[in-house]
Amino acid sequence: AQERLEASAETYRERFPDAMGENSGFTVRTLQESMVGAGTRRTLWILLGAVAFVLLIACANVANLLLVRASGRGREIAIRASLGAGRGRIFRQLLTESVMLSVAGGVCGLVAGFLGIRALLSVNTAGLPRLGDSGSLLGMDWRVVTFALVLSTVTGIVFGLVPALVSSRTDLSAVIKDSSSRSGSGFGQNKTRSVLVVVELGLCVVLLVGAALMIRTSLAISTVAPGFSPENVLTLRPSL
């Protein structure tokens, strides 16, 4: 189709030499690109990357909280182990708690996302096509829900592995003998928490720098002179 349009452009230019410039022509666009816009996909990928950074920061934070919580449960874990619970059993228990916490967060995120979509559409539909009255036709389909739940489960497993591994390696004799509140904390946990904090800070800096650059770019684009006076100018785009 593109080749035929390029050939027809030459014929059109010969028949109507004043209607189209030498560097102009006809082109083919997909229906999705025509209705949504060519730059929309790129913008959505950028937003997805920003959301991924926020997710990593939140996961590192939760992993730190799980390590602190495991420190307080060091005596409980040691007693379980002394009563016959194997390391694998303790590891599975802590990992299951992490996954349950992550899935619960994913469900809350889906509810918050749905309510946020409805709230934004009630304010302004942004001229998006095929939304229905006040965005009634837009919602979450099964692919979005499945992706969110799978992502919640995977993040719960990945970021629950380190706290579960560290906690399942508790020194039984040292923990049981020591009844102080610091019994569950050790060099390994402190080192892991320090690494997670460094990762959090690094991701936050990257995210803040990226957001600042995007804001600066938007402000710079808004001040660029278009080369013509836009006052009292109307445009019309007919649909065939």
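Assorted remarks:
- Accessible-area order (highest first, 1.4 angstrom probe) of the listed residues 18, 141, 133: 18, 133, 141
- Crossing angle, helix 87-123 versus the chain [Cα axis fit, 0-90 degrees, rounded to tens]: 30
- Cα convex hull volume per residue for region 40-95 (Å³): 71
- Virtual paramagnetic centre 7 Å along Cα→Cβ of residue 199, amide N under 17 Å, in region 102-130: 102
- Cβ-Cβ distance of residue 52 and residue 19, R₀ of 51 Å, FRET efficiency by 1/(1 + (r/R0)^6): the value works out to about 0.60.
- Taking the chain as a Gaussian network of alpha-carbon nodes connected by springs under 10 Å, the highest mean-square fluctuation of the residues 112, 164, 220 belongs to 220.
- Dimensionless Rg ratio for region 1-88, taking C-alpha atoms and the 2.2 N^0.38 Å reference: 2.59
- Nearest-0.05 FRET efficiency for residue 101 and residue 130, computed from C-beta distance (R0 25 Å): 0.10
- Listed residues 71, 34, 229, most fluctuating in the chain (Gaussian network, C-alpha, under 10 Å): 229
- Residue 36 versus residue 122: modelled label distance in nm, points set 7 Å from Cα along the beta carbon direction: 2.7
- Computed lengthening from residue 154 to residue 6, 0.36 nm per intervening residue step minus Cα-Cα distance: 48.4 nm
- Size of the chain: Rg and Dmax of its alpha carbons, in Å, are 28.4, 97.
- Taking the three principal axes of the alpha carbon atoms in region 46-129, the coordinate ranges are 65, 21, 19 Å, sorted in descending order.
- The long axis of helix 142-168 is offset from the longest Cα principal axis of the chain by roughly 30 degrees.
The values are calculated or read from the model by the stated rules, or taken from the named source; none is laboratory data. Owing to the predicted nature of the structure, the values given are computational and were not obtained by experimental measurement. Note that we place each Cβ from the backbone using ideal geometry, even for glycine, and neighbour counts take in every protein chain shown. Each accessible area value is taken on the protein alone, full model and side chains, heavy atoms only, with ligands, DNA and RNA left out. Shrake-Rupley method; radii C 1.70, N 1.55, O 1.52, S 1.80 Å.
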